[in-house]
Amino acid sequence: MKMPKLKYVQLAVAVVLFGVAASAGAEMLTIQQYQDLVAKNNSQLISIQANIDAVRGKLAEIDRAYSYFLSAGANYSDDRSGRPYSLVTPINDISNFSYNASVNKQFETGTIFTVGLNGSYAQYDYGNGYSGYHVNDMAPFIKLQQSLLKDFNGGTTKAGIAKARADANSALYLLIYQKQQIVLNARLAYWNLSYARTVIEFRRTSLDRTQKILDWNQKRFNLDLAEKSDLLQSQAAVKVGNLNYKLAVEDEVRASRTFNGLLNVTEEKVKYEVQNFIDAGNQFNKDVDLSRTGNRADVLSAIENVRSSEYDQIYSQRNIGSDLVFTGQFAFNGVNQDFSTARDYVVTGNKPSYSLGLVYTLPLDFNLRGTINSGYQSAIMSARKAEESAQIQETNDWLQLVDNWNNAKSRYGLATEIKDIQQKRDEENQRLLKKGRTTTYFVLQGEQDLDDATLGVLQNILELMNIYEQAEAFFNTEKF
């Protein structure tokens, strides 16, 4: 009977030594380091982050409506058709080179300001004995354009920009919400692996305790000092312990696959050590509390959708109505056969010109305006109701999270006290068993109660971690 026991001891020692050696060679990875690795390696998270960066780039593009723009062009033509441009003298050939350049800027008032230069050089061949003629024409100018109805004070432009920004922000918040969910899954995967490894250690310790009871009963049975039922009960308890240990190992394998999967790794084994589960759990219970600094990202997205629908209606109402546009232009002109003379006219300002104009437009589809406005009103109402629903759901979720947190902390205290009591009870049962003053049944029942109490504490710690991580992931979104 001694040989099998020796083999069992040797195997147990080998397993423990192997585990210690593996742990010693593994790199310690904090939860923040793991989160950084997920951000670096997880394909889905990389894709979402790329989309976030893309939307932020589009947000910067929206303000280009108020940027300076350069416009420049040139054109050359040669007309030898002999068309009678003049009733007096036909023209055999006209060649013309024209050019223009301008800088344009739209201001938030809706005013469009342009400063530029128009110029040309033309040659005329009259034929029939008439001498040719050429002329230089240049005209630097300043032009203003102002909508007095649609875009007065930048109304239409501002509404269009605000809507585009709200749409981009809404999409950005939804992407952030998706990112937060993946980050939350990563952090929970980290704690689940730490929990699974702790449960394995706990099940191994429990199995060792049960094995000692079996060994003790085996000796007593061999000496005819114990009933066979005690031996069988001890053997069954060891089998149950082995089964629980096997289930814990299976849970650790699943947790490892999830841990590695978020790193885009297909291996079954995790090559890192993780933070001690019980130490981290004690910190969650003692030094940590829930905090809320803002709205959830999906709620912020819903708020931006309301803004978008409101600005969309403003843009539509201004755009489908009438408009009165004022234009004014002033130019210094220089026209002469000699380029230097034409240039001097421009410099001295001897030949200025200016123009003023008003253009009124009125769409005549009066019957459609009511239908169009009704559609935009419905869109606003829909967006507002969606926001209201999201706000209510967010509030309820937060209140439930706070309740769960407070209840879990309260249960943690009770579970710890129960576990301590069961630990003392188990120690007392072990002492009484050695003195023969209790039965194997009561000792094994105490062992089971201690296991249940210990597992209850671990599960309660995991619940606290899950609640805290949810609060941190979703209820502290930075607003922009």
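What is the projected area of the convex hull of the Cα atoms of region 37-123, averaged over all directions, in nm²?
So the mean shadow area of the Cα hull is 11.7 nm².
My understanding is that a pair violates if its Cα-Cα distance is over 24 Å; which of Lys58/Lys143; Lys219/Lys435; Lys219/Lys239; Lys105/Lys479; Lys246/Lys269; Lys239/Lys269 do that in this structure?
Lys58/Lys143; Lys105/Lys479; Lys239/Lys269, as the Cα separations exceed 24 Å there.
Could you tell me the center-to-center distance, by alpha carbons, between region 372-413 and region 238-294 in angstrom?
The two parts, judged by their Cα centres, are 31 Å apart.
Where nothing but the Cβ of Lys and Arg (+1) and of Asp and Glu (-1) is charged, how large is the charge dipole of the chain around its Cα centre, in debye to the nearest 20?
My answer is approximately 1340 debye.
Please report, in whole Å³, the volume per residue of the convex hull around the C-alpha atoms of region 267-424. Before the final figure, lay out the partial values.
On the way: hull volume 61.5 nm³, N = 158.
Dividing the Cα hull volume of region 267-424 by its residues yields 389 Å³.
Fewest first, what order do Leu117, Leu300, Leu368 take by the number of other Cβ atoms within 10 Å?
On the way: Leu117 16, Leu300 25, Leu368 11.
Least crowded to most crowded, the residues run Leu368, Leu117, Leu300.
In degrees from 0 to 90, rounded to the nearest 10, what is the angle of the helix 228-261 Cα long axis to the longest principal axis of the chain?
10 degrees
By counting other Cβ atoms within 10 Å of each Cβ, how are Arg56, Arg307 ranked from fewest to most?
Ascending Cβ contact count within 10 Å gives the list Arg56, Arg307.
With everything on Cα atoms, drop me the angle between helix 2-25 and the longest principal axis of the chain, reported from 0 to 90° to the nearest 10.
The answer is roughly 20 degrees.
Looking at the P(r) of region 150-224, how many percent of alpha-carbon pairs lie beyond 15 Å?
77 percent
Round to the nearest 10 and give me the degree value, 0 to 90, for the angle of helix 155-222's Cα axis relative to the longest principal axis of the chain.
For helix 155-222, the angle is close to 10 degrees.
With +1 on each Lys and Arg Cβ and -1 on each Asp and Glu Cβ, and nothing else charged, work out how big the dipole of region 245-290 is about its Cα centre, in Debye to the nearest 20.
Dipole of region 245-290, to the nearest 20 debye: 160 debye.
Among Asn136, Tyr99, Ala171, which residue has its Cα positioned farthest towards the positive end of the charge dipole of region 70-199, with +1 placed on the Cβ of Lys and Arg, -1 on the Cβ of Asp and Glu, and the dipole taken about the Cα centre?
Ala171
Would you mind finding the longest exposed-site-free stretch of the chain, with exposed GluC sites (Glu not before Pro) meaning DSSP loop and at most 14 other Cβ atoms within 10 Å?
With a cap of 14 other Cβ atoms within 10 Å, the longest stretch comes to 269-477.
Using only the Cα atoms of region 345-480, what semi-axes does the equivalent ellipsoid have when each is the square root of 5 times a gyration tensor eigenvalue? Give whole Å, largest first.
Values for region 345-480, descending: 79, 23, 9 Å.
Which semi-axis lengths, in whole Å and largest first, follow from the square roots of five times the eigenvalues of the Cα gyration tensor of the chain?
So the equivalent ellipsoid measures 87, 27, 16 Å along its semi-axes.
Could you pull out which residues in region 453-480 have an amide N less than 13 Å from a spot 7 Å beyond the Cα of Ile421, following the Cα-Cβ vector?
Under 13 Å, as judged by backbone N against the label point of Ile421, lie 453 of region 453-480.
Could you work out the local net charge near Asn460, counting Lys and Arg as +1, Asp and Glu as -1, over the other residues with Cβ closer than 11 Å to its Cβ?
+2
Grab the Cα-Cα distance for Leu117 and Thr327, subtract it from 0.36 nm times how many residues apart they are, and report the gain in nm with one decimal.
Extra length from Leu117 to Thr327 when fully extended: 73.9 nm.
I need the fraction of alpha carbon pairs in region 282-347 separated by more than 21 Å, rounded to a whole percent.
Working: 1509 of 2145 pairs.
Considering region 282-347, 70 percent of its Cα-Cα pairs are separated by more than 21 Å.
For region 129-254, what Kirkwood radius comes out of the mean inverse Cα-Cα distance, in Å?
After inverting the pairwise mean of 1/r, the radius is 23.2 Å.
Each value in this text was obtained by applying a stated rule to the coordinates, not by laboratory testing. A quick note: this is a predicted structure, and the numbers were derived from the prediction, not measured. Note: ideal-geometry Cβ built from the backbone for every residue, glycine included; neighbour counts use all protein chains shown.
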